[in-house]
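What follows is a single structure, written as structure tokens, with notes after it.
The values are calculated or read from the model by the stated rules, or taken from the named source; none is laboratory data. In this text the structure is predicted, and so the values were computed from the model without any measurement. All Cβ positions, even for glycine, are placed from backbone atoms using ideal geometry, and neighbour counts span all protein chains on display. The area values use the complete protein model at the heavy-atom level, side chains included, leaving out ligands, DNA and RNA. Shrake-Rupley method; radii C 1.70, N 1.55, O 1.52, S 1.80 Å.
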Amino acid sequence: MQRTVAILKPDALQRGVVGEIIHRFERKGLKLMAIKMLSATEAQLEEHYAHHKDKPFFADLKKFMMSTPLVAVVLEGVGAVAEVRRMAGVTSGREAELGSIRGDFSISRSKNIIHVSDSPEAAEEEIVRFFEKSEIYKWDKLHSPYTFAED
Ligand code: CMP
């Protein structure tokens with residue numbers, strides 16, 4: 001089974017769509033292994049968005065991400081990284097397909113509601129960056145054989 005991270009950004013909290021987004025992950029059949037609110041530190045964001053540090057929007061992105069707490073989850077499932085990326089939609093809410101999280105809840109590239117891990121390796125790094133070991137819960141989801149079948 002694969003793990004992935006989703007971080008609901010300040011616009012998700014301000015718009016009051018946190019529950020709806022978590023609900024989508026649950027309905028899809030993904031297993032919730034961790035869920036918490038956190039205030040991201042500048043150091044965490046500089047590491048998390050290191051690949052954007054030379055972009056003109058970097059300072060605004062950090063400010064935005066520190067403007068309210070965030071809601072972070074760890075989700076598990078077969079191919080969870082790709083599934084959650086598909087559910088989130090492409091980066092810009094203006095280009096994301098209707099039916100995706102960004103396509104349904106965002107009309108902006110910078111205020112795009114959610115961050116999701118872009119690879120299994122990134123997911124494992126993000127888990128370490130944002131969660132303590134004790135915050136990740138291992139539990140048996142009894143309907144997993146019905147959700148994932150042989151695959
Ligand atoms: P995220 O998936 O969290 O990864 C980097 C974030 O930078 C992205 O979502 C957007 O919130 C933001 N971002 C990406 N491109 C732009 C841009 N051109 N202008 C402003 N913000 C951007």
Single residue of the range 13-35 satisfying the filter (of a type in the set (V, I, T) and under 22 Å from D104 (Cα atoms)) that is surrounded by the fewest Cβ atoms within 10 Å (Cβ to Cβ): V18
Subset of the range 88-104 that is away from the ligand (no atom under 13 Å from the Cβ) and outside any strand (DSSP E or B) - its residue that is surrounded by the most Cβ atoms within 10 Å (Cβ to Cβ): G103
Residue check, V5 within 13 Å of the ligand (Cβ to nearest atom), in contact with a Gly (Cβ under 9 Å, 6 or more places away or on another chain) and among the β-branched types (V, I, T): no
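Is it the case that K133 is in contact (Cβ under 8 Å) with a residue 60 or more places away in the chain and open to solvent by 20 Å² or more (accessible area, probe 1.4 Å)? Don't jump to the end; show me each part of the working.
Working: in contact (Cβ under 8 Å) with a residue 60 or more places away in the chain: no; open to solvent by 20 Å² or more (accessible area, probe 1.4 Å): yes.
So K133 does not fit the description; no.
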Candidate set from the range 57-72 (those that are near the ligand (Cβ under 8 Å from one of its atoms) and loosely packed, with under 15 Cβ neighbours inside 10 Å); member that is farthest from L13 (Cα to Cα): F57
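Out of curiosity, is D118 more than 15 Å from the chain's Cα centre (by Cα) and open to solvent by 20 Å² or more (accessible area, probe 1.4 Å)? Show your work before the answer.
Details: more than 15 Å from the chain's Cα centre (by Cα): no; open to solvent by 20 Å² or more (accessible area, probe 1.4 Å): yes.
It is false that D118 is more than 15 Å from the chain's Cα centre (by Cα) and open to solvent by 20 Å² or more (accessible area, probe 1.4 Å).
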Residues within the range 128-151 that are within 20 Å of A88 (Cβ to Cβ) and touching a helix residue (DSSP H, G or I) at 6+ places or on another chain (Cβ under 9 Å), tallied: 3
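Scan A122, A82, A72 and give me the residue that is in a helix (DSSP H, G or I), at pLDDT 95 or above and under 17 Å from K31 (Cβ atoms).
Numbers: A122 fails: under 17 Å from K31 (Cβ atoms); A72 fails: in a helix (DSSP H, G or I).
Matching residue, one of A122, A82, A72: A82.
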Residue match in the range 113-123 (condition: in contact (Cβ under 8 Å) with a residue 60 or more places away in the chain, in contact with a Leu (Cβ under 8 Å, 6 or more places away or on another chain) and not aromatic (F, W, Y)): yes
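Evaluate the following for L38: is it more than 12 Å from the ligand (Cβ to nearest atom), under 16 Å from the mean Cα position of the chain (by Cα) and open to solvent by less than 60 Å² (accessible area, probe 1.4 Å)?
Values: more than 12 Å from the ligand (Cβ to nearest atom): yes; under 16 Å from the mean Cα position of the chain (by Cα): yes; open to solvent by less than 60 Å² (accessible area, probe 1.4 Å): yes.
For L38, the condition - more than 12 Å from the ligand (Cβ to nearest atom), under 16 Å from the mean Cα position of the chain (by Cα) and open to solvent by less than 60 Å² (accessible area, probe 1.4 Å) - is met.
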Only listed residue being of a type outside the set (S, T, Y) and under 12 Å from the mean Cα position of the chain (by Cα), chosen from V128, V90, V84, V78: V84
Residue under evaluation R85, criteria (1) closer than 17 Å to I127 by Cβ; (2) more than 10 Å from the ligand (Cβ to nearest atom), criterion not met: (2)
